[in-house]
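Please read the structure below before turning to the comments.
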Amino acid sequence: MIIDVHGHYTTAPGQLQAFRDAQLAGQTAELAPVSDDELRESVEPNQLRILRERGGDVMLFSPKASGMEHHVPDTAVAAAWARASNDLVHRVCALYPEHFAPVAQLPQTPSGELAGVIAEVRRTVTELGFVGVNVNPDPSGTWAGRPVTDPSWNPLWEVIEELDVPAMVHVSTACNPNFHTLGAHYLNADTSVFMQLLQGDLFQRFPGLRLVIPHGGGAVPYHWGRYRGLAMRNGWPDPAELLGNVFFDTAVYHQPGIDLLTRVVPSTNILFSSEMLGAVRGADPATGIPWDDTLRYVEAAGLSPDDLAAVCETNARRVYPALDRRLKAQGR
């Protein structure tokens, strides 16, 4: 089985964006009705078609990451936006339960207020059967907040650990024009969060917490020696000690990048993903292979059959136990 742990609903019907536009304009906003047929039309020629064509079986599906826009400060607006976005994802996953499993957007704001965030974690996981959540380490979009290892984050980590779901650490829109959202901000965040974890003691406080760092971990695999050297210089634990709690996905869009990832990071800590129809679309003119057809790269990385199976299926089932239960209930 091929499980893609990183998919976003980038093709949602227009009613969702119209709702958001009204919110941001300060209007009294309500999501216009979206029919099941409209949901089908949004995914069947897009994520579902491509998943099938590339040999995938299941995709973890969450709202559009750049659209989370956690820099908007109004907590009521954030709560309504997350609920509307998550409810549409839930409906898609209910229409195609064998192909999609839901992952939640959280109503974060720059203030760091967590009551509404925790309420949405509990609602989506315990009431709607979501198998994971996305957590933005930089709700401000400018890195104005505190690191994820700061005690102010503890209530969120506590409930995520309690519910036994992993969190993908995924930023949203950059609010600093120096940093392109997709080409810089995302990868900077992946790298920065790993460094925060190296400096902190988060997993001593929450030993059952599991974090997935997307996009191959940003610069982390490429600079693993730097992190080891910094750890030794500063008396921090070796970065390998984080690997009981930290995992990396394969949303890396060329063969040398995947090769490096699979040589530096143990296969037990790599989860297959494509982030298809996300940041990078189209095909590499040099190879004719779509940039986000990452399964091609993973299969060509020289992994043993057991390691390839771990990356493509068994690691995801272990890191996302609610997904494993969902699949077992389907006889898979």
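The values are calculated or read from the model by the stated rules, or taken from the named source; none is laboratory data. This structure is a prediction, so every number in the text was calculated from the model and none was measured. Every residue, glycine among them, receives a Cβ derived from its backbone with ideal geometry; neighbour counts consider all protein chains shown. What goes into the accessible areas is simple: the full protein's heavy atoms, side chains included, and nothing from ligands, DNA or RNA. Shrake-Rupley method; radii C 1.70, N 1.55, O 1.52, S 1.80 Å.
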In the stretch 39-82, the residues that are touching a strand residue (DSSP E or B) at 6+ places or on another chain (Cβ under 6 Å) and among the basic types (Lys, Arg)
64
If I ask for residues that are over 17 Å from residue 280 (Cα atoms), in contact (Cβ under 8 Å) with a residue 60 or more places away in the chain and open to solvent by less than 60 Å² (accessible area, probe 1.4 Å), which ones from the stretch 150-189 would you list?
165, 166, 168, 175
Looking only at the stretch 281-293, which residues are surrounded by fewer than 16 Cβ atoms within 10 Å (Cβ to Cβ) and either under 26 Å from residue 243 (Cβ atoms) or in contact (Cβ under 8 Å) with a residue 24 or more places away in the chain (or both)?
284
Residues in the stretch 64-73 that are open to solvent by 50 Å² or more (accessible area, probe 1.4 Å) and not charged (D, E, K, R) total 2
Could you pull out the residue among 274, 192 that is under 25 Å from residue 103 (Cα atoms), part of a loop (DSSP other than H, G, I, E, B) and open to solvent by less than 60 Å² (accessible area, probe 1.4 Å)?
274
Check whether at least one residue in the stretch 135-145 is under 26 Å from residue 251 (Cα atoms), of a type outside the set (D, E, K, R), without any contact (Cβ under 8 Å) to a residue 24 or more places away in the chain and in a loop (DSSP other than H, G, I, E, B), and report yes or no.
no
Could you tell me how many of the residues in the stretch 21-63 are open to solvent by 60 Å² or more (accessible area, probe 1.4 Å) and of a type in the set (Ser, Thr, Tyr)?
1
Applying the selection to the stretch 100-134, what residues are within 29 Å of residue 330 (Cβ to Cβ) and assigned to a loop (DSSP other than H, G, I, E, B)?
105, 106, 128, 129, 130, 131
Unique match (being surrounded by fewer than 14 Cβ atoms within 10 Å (Cβ to Cβ) and touching a residue at least 40 places away in the same chain (Cβ under 8 Å)) among 216, 200, 208:
208
Considering only residues that are closer than 23 Å to residue 183 by Cβ, out of contact with any helix residue (DSSP H, G or I) (no Cβ under 7 Å at 6 or more places or on another chain) and of a type outside the set (Gly, Ala, Ser), which ones fall in the stretch 263-289?
275, 280, 281, 284, 285, 287
Quick one: how many residues across the stretch 243-268 are surrounded by 22 or more Cβ atoms within 10 Å (Cβ to Cβ), closer than 15 Å to residue 210 by Cβ and not β-branched (Val, Ile, Thr)?
3
Please tell me if residue 296 is over 25 Å from residue 202 (Cα atoms) and under 19 Å from the mean Cα position of the chain (by Cα).
no
Every pair of residues 6+ apart whose Cβ atoms lie under 6 Å, when the first sits in the stretch 312-332 and is within 16 Å of residue 56 (Cβ to Cβ) and modelled with pLDDT of 95 or more while the second is among the acidic types (Asp, Glu) and surrounded by 20 or more Cβ atoms within 10 Å (Cβ to Cβ):
none
So which of 229, 288, 257, 235 ends up being under 22 Å from the mean Cα position of the chain (by Cα) and of a type in the set (Gly, Ala, Ser)?
257
